[in-house]
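A.B. asks: Would you mind keeping the following structure in view while I ask a few things?
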Amino acid sequence: MDHCIDSILRGKGNIEIIIVNDGSTKDNTAEKADEWAARHPETIKVIHQENKGHGGAVMAGLREASGVYFKVVDSDDWLDHVALNLTLSKLRHFIASGSPVDLVIANYVYEHTVSGTQKVIKYRGMLPQNRVFTWNEVGFSGPGQNILMHSAIYRTQVLRESGLDLPEHTFYVDNIFVYQPLPSVQTLFYLPVNLYRYFIGREDQSVNESVQIKRLDQQMRVTRIMVEAHKLPEGAGNRRLAGYMEQYLGLIVTASSIFALLEGTEKGLRMRREMWEHIDSVDPLLKARLGLRLPLVLGANLPGPIGRRTSVALYRTARKLYRFN
């Protein structure tokens, strides 16, 4: 937490840092947060609340935010100070122009603590660089090029007007945070700097495979909310955006399918069946498109015992290649 806050304070200009103490009782988070606010009262404010989970913490910060732009930084992650100041300079330019763009995107870096290695996620080839653009100019996304919470800086008003309301006591809501407001975005800007440093490798981390299996119910809850958020393609309002959103949704359905298989019991298989039944009840055409068009979804839902074993083997291979958890 100290490293995280210190990294943001190295940004020059008008920055507001909102620390949300989400019911921490087993350590000195509350005291540490108040100490930071006392040292930087012009910049840092603290919210103390009963535990509401990641979604509840993000929504508390969003309600309190007064800045034109809003970015979530988890307490075990940090921002690169050079990239941060380049980003802030660009944001100030947008604000001064009187036409601030709705969504700014930057690269993020997987910081693998166990191996000491890094993997940079870039958007070259998918997004135009260093200029304002619209969804009509977005190209096809390659492996790992989904716009995630780590890479997204939303205009605060866009988030509020989109009706975003993250569920409490639920992990993996970062996918809802990025996905649901997308149809409200009219203008975008991609700044190709390695801004967000995503700490990965801790055993109790939410994206750790064993933790995700234990929280399969929460993964399925997020999937249900995303399926219900927009009827595609018409709900996206743009053909290119609809294609991207369907691909993103396919990734989430793939993750839910795989972790249901890794759960290893009839319960997991039942939850996977219920997920597909829910998709069918919301939009039968979407079910058909996801199952027929997207290789990831197909690979994660191969039929029969041999198919299920093959799906898990494909996931293991992808995990070694991309090291996403």
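The values are calculated or read from the model by the stated rules, or taken from the named source; none is laboratory data. Computed from a prediction, not measured in an experiment: that's the story for all the values here. Backbone-built Cβ (ideal geometry, glycine too); neighbour counts: all protein chains shown. Areas reflect the complete protein model, heavy atoms only, side chains present, ligands, DNA and RNA absent. Shrake-Rupley method; radii C 1.70, N 1.55, O 1.52, S 1.80 Å.
A.B. asks: Just checking, does the stretch 184-197 include any residue being assigned to a helix (DSSP H, G or I) and assigned by the TED database to the domain that holds Val101?
C.D. replies: Looking through the stretch 184-197, at least one residue is assigned to a helix (DSSP H, G or I) and assigned by the TED database to the domain that holds Val101.
A.B. asks: Within the stretch 214-224, take every residue that is open to solvent by 10 Å² or more (accessible area, probe 1.4 Å) and farther than 14 Å from Asn175 by Cβ and give me the one that is modelled with the lowest pLDDT.
C.D. replies: The selected residue is Lys214.
A.B. asks: Also: Working only within the stretch 1-45, note down all residues that are polar (S, T, N, Q) and either outside the structural domain of Val82 (by the TED database) or open to solvent by less than 90 Å² (accessible area, probe 1.4 Å) (or both).
C.D. replies: Listed by number, the residues that qualify are Ser7, Asn21, Ser24, Asn28, Thr29, Thr43.
A.B. asks: Going through the stretch 158-169 one residue at a time, which ones are open to solvent by 20 Å² or more (accessible area, probe 1.4 Å) and either basic (Lys, Arg) or without any contact (Cβ under 8 Å) to a residue 60 or more places away in the chain (or both)?
C.D. replies: Arg160, Glu161, Ser162, Gly163
A.B. asks: Can Ala83 be described as surrounded by fewer than 19 Cβ atoms within 10 Å (Cβ to Cβ) and either farther than 20 Å from Gln129 by Cα or touching a residue at least 12 places away in the same chain (Cβ under 8 Å) (or both)?
C.D. replies: no
A.B. asks: Hey, another quick one. Can you work out which of the residues in the stretch 89-118 that are more than 27 Å from Leu241 (Cβ to Cβ) and not small (Gly, Ala, Ser) is surrounded by the most Cβ atoms within 10 Å (Cβ to Cβ)?
C.D. replies: Glu111
A.B. asks: Further question: How about the stretch 46-70: which of its residues are open to solvent by 30 Å² or more (accessible area, probe 1.4 Å) and within 10 Å of Leu166 (Cα to Cα)?
C.D. replies: The one that is open to solvent by 30 Å² or more (accessible area, probe 1.4 Å) and within 10 Å of Leu166 (Cα to Cα): His54.
A.B. asks: Mind checking which pairs have a first residue in the stretch 50-66 that is free of Cβ contacts under 8 Å to residues at least 40 places away in the same chain and a second that is of a type in the set (Lys, Arg) and open to solvent by 10 Å² or more (accessible area, probe 1.4 Å), Cβ under 9 Å, 6 or more apart or different chains?
C.D. replies: Once the first residue is free of Cβ contacts under 8 Å to residues at least 40 places away in the same chain and sits in the stretch 50-66, its partners that are of a type in the set (Lys, Arg) and open to solvent by 10 Å² or more (accessible area, probe 1.4 Å) give Arg63/Arg160.
A.B. asks: In the stretch 225-245, what residues are open to solvent by 20 Å² or more (accessible area, probe 1.4 Å) and within 16 Å of the chain's Cα centre (by Cα)?
C.D. replies: Passing the criteria: Ile225, Ala229.
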